[in-house]
Each structure stands twice: as C-alpha cells, then as structure tokens.
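J.: This is the structure, below, for whatever I ask next.
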Amino acid sequence: PSGGQAARAGANNASTTDRRMLNLLLILVAATAVFSLLYAIQYFVGGPLRIPVTTPINGLASVPGGTILAGARQDGQIQVWDSGQSWSARRLTGHDGPVPGLAFIPQSYTLISVGHDGTIRKWNAVGSTPGQVLAETGRPLNAASLSADGSTLATIGSDGHVRIWDVTGQGQMTLDIA
C-alpha cells in the first residue's frame, strides 16, 4: 500500500478507537445518571434504613433468605429485628457480659451465641422461651464460627484454646486444641 493508504487506515483505526471511547464515556454517564436517580427516589421515599442502637454491637447474624437479623450486644443482650414486621425489635437476655459472637443454624430460627461469661447458648430467635445453656466453659469466649450445616461450633477462649462443639444435641465438646 502507498503512504496515503496507510495514513488513511491509521486515521480510520484512530477514529474507531475514539468512537469506542466516546461510547464508553456515554455509557458511564448514563449509568451514573440512573444510579443518581435511584438514590434520589430512595431518599424521598424514606431514605436508607436506620435502626436505632443504644449500646455497641459486637456482631450481626441473619437468617439466610429470611427476615430476622440478630445483633450481639456489648451489654450481654441479643437484639433481634424482624424486617417482615416493620423492623420490630426484641431482646434476648441470658448472658452475663458481652456477646462476641452469634450465628443462625441454616434453615431455622435457631440462634447460637457465645459470651464472655463462658456460656454457649441456643435460642429460638422468634420464640419467647429463654436461651438454653449448651455449655459452660468457665472462661470467657472471644469468638465463634458455626459450620455450614449448623452442627458444629468452633470457639476460642481467653485461654487461647480452640474448642469444637456439637451443637445438635446438648453441646458436647468434641475437640480441644491448645
């Protein structure tokens, strides 16, 4: 090809690149406008959800696909909100000290909590019965993690030990790792 043809081909490629960049810029501007409109609608309809909390929350757990949200409170209580009931709130009491961890057993409203009071408790988050004490460790518990199937709980205490618990029955410890 001659020099003139090469120059025109280069100009066409640059023009195509410029059009692509312009199209991308227009898409970004349109997306920003749509998101801004959605934010404005949310603001005028009622704004973002704000749940009043009077004490620090150490952790949150929710029922997957459900309407229940639970918060582990610094004062030893568990706050339970139900989004299906206009975010009505109630408190579960039983721990004598901060609650550093909690989790819902899958496909249920059963909540497992651990406390600095050394107890592991099992609750019906929508019922009115007190939480069942599954285990008393005698030392503060600092964190917990529930298995995906909800049958096993791992805790770590102030003594640095990781303990594995079977929470399907009476909360028997199955393993102690120092």
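Just so it is clear, none of the values below were taken in a lab; they were calculated from the coordinates. Treat the numbers as computed from the prediction; the structure is a model and nothing was measured. Glycine gets a Cβ as well: all are built from the backbone with ideal geometry, and neighbour counts include every protein chain shown.
J.: How many angstrom lie between the C-alpha centres of region 22-36 and region 56-107?
T.: With region 22-36 and region 56-107 each reduced to a Cα centre, they are spaced 40 Å.
J.: May I pose another question? Mind giving me the nanometre distance, one decimal, between the label points for Tyr109 and Thr55, set 7 Å out from Cα along Cα→Cβ?
T.: Between Tyr109 and Thr55, the simple spin-label model gives 2.3 nm.
J.: If I model a spin label as a point 7 Å beyond the Cα along the Cα-Cβ vector, how far apart are those points for His161 and Thr67 in nm?
T.: Modelled inter-label distance: 4.3 nm.
J.: While we're on this one: Taking square-rooted eigenvalues a ≥ b ≥ c of the alpha carbon gyration tensor, is region 99-148 rounded, prolate or oblate, where a/c under 1.5 means rounded and, failing that, a/b exceeding b/c means prolate? Write down the numbers at each step before the final one.
T.: Numbers: a/c = 2.40, a/b = 1.40, b/c = 1.72.
Verdict is oblate for region 99-148.
J.: Using 1/(1 + (r/R0)^6) with R0 = 35 angstrom and r between the beta carbons of Phe35 and Ser15, what's the FRET efficiency to the nearest 0.05?
T.: 0.70
J.: Now a separate question. Taking the simple approach of a point 7 Å from Cα along Cα-to-Cβ for both Gln172 and Asn124, what is their distance in nm?
T.: So the label points at Gln172 and Asn124 sit 2.5 nm apart.
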